[in-house]
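Working notes, beginning with the structure itself.
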Amino acid sequence: MKYADLHLHTNFSDGTFSPEELVSYAQRFDLSCIALTDHDTVEGCARAATACDAAGMEFISGTELTAEHNDTELHLLGYFVDTKNEKLLTEIAKFQTVRQSRIHEMVARINEMGVPLEVESVFALANCKSPGRPHVARALVKAGLVANLDEAFERFLKKNRPAWVPKKKVSALEAIELIHQAGGLAVMAHPGLNRTDDVIPALVEAGLDGIECFHTKHSTAMSERYLLIAEKYRLLVTGGSDCHGFSKLKPLIGTVKLPYEYAERLFAAKKSADKKHPAAVAK
Ligand code: AMP
Ligand code: ZN
Ligand code: FE
Ligand code: FE
C-alpha cells in the first residue's frame with residue numbers, strides 16, 4: 001500500500017522541522033506523497049519540493065489559511081497553489097503582518113500580567129514571517145516563565161484567555177477564490193475540530209473542492225461522518241497528521257496515513273481544473 005500525508009507544518013510557520021527534516025521523516029514513515037500546508041505562507045514549498053524530488057516522493061505545494069464564514073472560524077487548505085502567484089503572495093503578506101503585530105500585542109498583555117517575556121525572544125525563536133501562538137508558548141517555556149506549553153496556553157493564549165488576540169481572518173468565500181485564482185484546490189481542514197458543519201453547503205456553493213476527512217483529532221466516527229458529507233457534495237477527500245514537529249508530543253507525521261488513491265484523485269482534479277481554467281495554471 002502507498003500512503004500520503006497532506007497536512008504538515010515546518011519552521012516557516014509554527015512547526016519545528018525544516019522542510020528537509022520533514023521530508024526525511026516522511027521517508028522514514030514510508031509516505032509516497034506529502035503536502036506542505038504552513039499557516040499563511042508558501043515559503044517552505046520550494047525546499048520541500050526539492051527534497052521530495054531527491055527522495056523520489058510526490059510533493060504538493062500548499063498553505064493553510066484562517067478564514068471565517070458567518071462568525072465561524074474555519075481553516076482552508078489550498079493545494080497545488082502557484083507559490084509565485086502575485087495575488088496570493090500579496091494577501092498572505094497581509095496575514096503575516098497581522099501575525100507579527102499580534103505577537104507584540106500578546107506579549108504586551110503577558111507583560112501586563114507581570115510576566116517579563118521579551119518580545120525579541122519570541123521573534124528570535126520564531127525566525128519566520130508567519131509567527132503564531134506556539135512561538136509565544138515556546139518562548140515562555142524557554143525563559144522559564146511557565147513549566148510547559150499547556151500551561152502557556154491555559155494561562156495566557158487559549159481563546160478568551162487574557163493574552164489571546166484574534167488573527168486576521170479572510171472570508172471563506174474569498175479564500176476559496178484566492179486559492180482558485182492561484183491554480184489551487186480549496187479544501188476544508190479538520191471540520192471536526194471547528195464544528196463547522198453548517199457552513200459546508202455555502203462553501204460548496206462557492207466552489208469548495210474537498211474536505212479533510214482524516215485528521216489526528218478526528219475520531220473514527222467523525223471521519224466516517226465527513227466521508228458521507230464528501231460523498232453527498234461530491235467533494236475530494238483528503239487527510240493528514242497536522243504534524244508540527246517536536247511540539248508537545250512526538251512528531252505526528254506517520255500517525256495519519258491517507259491511502260494513496262485519495263491523493264491520485266486530487267492530482268486528477270488538479271489536471272481537470274487546469275483544463276477548465278488555463279489562466280490559473282502555474283507558470
Ligand atoms: P495561531 O495560528 O497563532 O492562532 O496558533 C494556532 C496553533 O497553535 C495551532 O495550529 C496549534 O498548533 C497551536 N495550538 C492551538 N491551541 C493549542 C493548545 N491548547 N495547546 C497547544 N497548542 C495549541
Ligand atoms: Zn499550527
Ligand atoms: Fe488548522
Ligand atoms: Fe495545520
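Across segment 227-233, computed HN-Hα scalar couplings (Karplus, 6.51 cos²θ - 1.76 cosθ + 1.60, θ = phi - 60°) run 5, 5, 5, 4, 5, 4, 9 Hz from first to last residue, x flagging Gly and Pro.
Within the accessible surface of segment 49-190, defined with a 1.4 Å probe on protein heavy atoms only, the carbon and sulfur portion equals 48 percent. So what's the gap between the Cα centers of segment 243-259 and segment 1-49, to the nearest angstrom? Comparing the Cα centres of segment 243-259 and segment 1-49, I get a distance of 11 Å.
On the accessible surface of segment 219-283, probed at 1.4 Å, how many percent belong to carbon and sulfur atoms?
About 58 percent, which is the carbon plus sulfur part of the accessible surface.
Phi-derived couplings, Karplus 6.51 cos²θ - 1.76 cosθ + 1.60 at θ = phi - 60°, listed residue by residue for segment 198-207: 6, 8, 4, x, 5, 5, 4, 4, 7, x Hz, with x used for Gly and Pro. For I60, the residues whose modelled amide H falls within less than 5 Å of its own, excluding neighbours fewer than 5 places apart on the same chain, are I34, A35, L36.
Using a cut-off of 30 Å between Cα atoms, the listed pairs K159/K250; K84/K275; K87/K142; K129/K248 include K87/K142 as exceeding that distance.
Ranked highest first by the average count of other Cβ atoms within 10 Å around their residues, in what order do 91-99, 15-23, 264-272 fall?
Peptide ranking by packing, descending: 15-23, 91-99, 264-272.
Note: relative contact order over segment 1-153, using C-alpha pairs below 8 Å and six or more positions apart, is 19 percent. Per-residue extension of 0.36 nm, minus the Cα-Cα distance of T220 and E20, leaves a gain of 68.9 nm for this segment. A full extension of the chain between N148 and E177 corresponds to an added length of 6.5 nm, given 0.36 nm per residue minus the alpha carbon distance.
Using the heavy atoms of the protein chains and a 1.4 angstrom probe, tell me the accessible area per residue for the chain in square angstrom. Please list the in-between numbers first.
Numbers: 13010 Å² over 283 residues.
Dividing the accessible area of the chain by its residue count gives 46 Å².
Tell me, what ³J(HN,Hα) does each residue in segment 106-115 have, in order and in whole Hz, if you take phi through Karplus 6.51 cos²θ - 1.76 cosθ + 1.60 with θ = phi - 60° and put x for Gly and Pro? Each residue's phi maps through the Karplus curve to give 5, 5, 4, 5, 5, 4, 4, 7, x, 9 Hz. Taking 0.36 nm per residue of separation and subtracting the current Cα-Cα distance, fully stretching the chain between K275 and A202 would add 23.8 nm. Note on W164 and K2: the model spin-label points, each 7 Å out from Cα along the C-beta direction, lie 4.3 nm apart. In the chain, the DSSP beta bridges split such that about 45 percent are antiparallel, to the nearest 5.
In segment 1-114, the DSSP beta bridges split such that about 55 percent are antiparallel, to the nearest 5.
So what is the relative contact order for the chain, in percent, with contacts set as C-alpha pairs under 8 Å and at least six apart? Taking the mean separation of contacting Cα pairs over the length of the chain, I get 23 percent.
Sequence-distant contacts, meaning Cα pairs under 8 Å at least 6 residues apart, place the relative contact order of segment 111-220 at 16 percent. Residues whose amide H falls under 5 Å from that of G240, counting only those 5 or more places apart or on a different chain, are L6, F214, H215, T216, with hydrogens built in the peptide plane.
The label point for A93 and the one for K250, both projected 7 Å from the Cα toward the Cβ, are 4.3 nm apart.
The values are calculated or read from the model by the stated rules, or taken from the named source; none is laboratory data. Every value quoted in this text rests on a predicted model; they were computed, and no experiment measured them. Cβ atoms come from the backbone with ideal geometry, glycine included; neighbour counts cover every protein chain shown. Note: accessible area is taken over every heavy atom of the protein model, side chains too, but ligands, DNA and RNA are not part of it. Shrake-Rupley method; radii C 1.70, N 1.55, O 1.52, S 1.80 Å.
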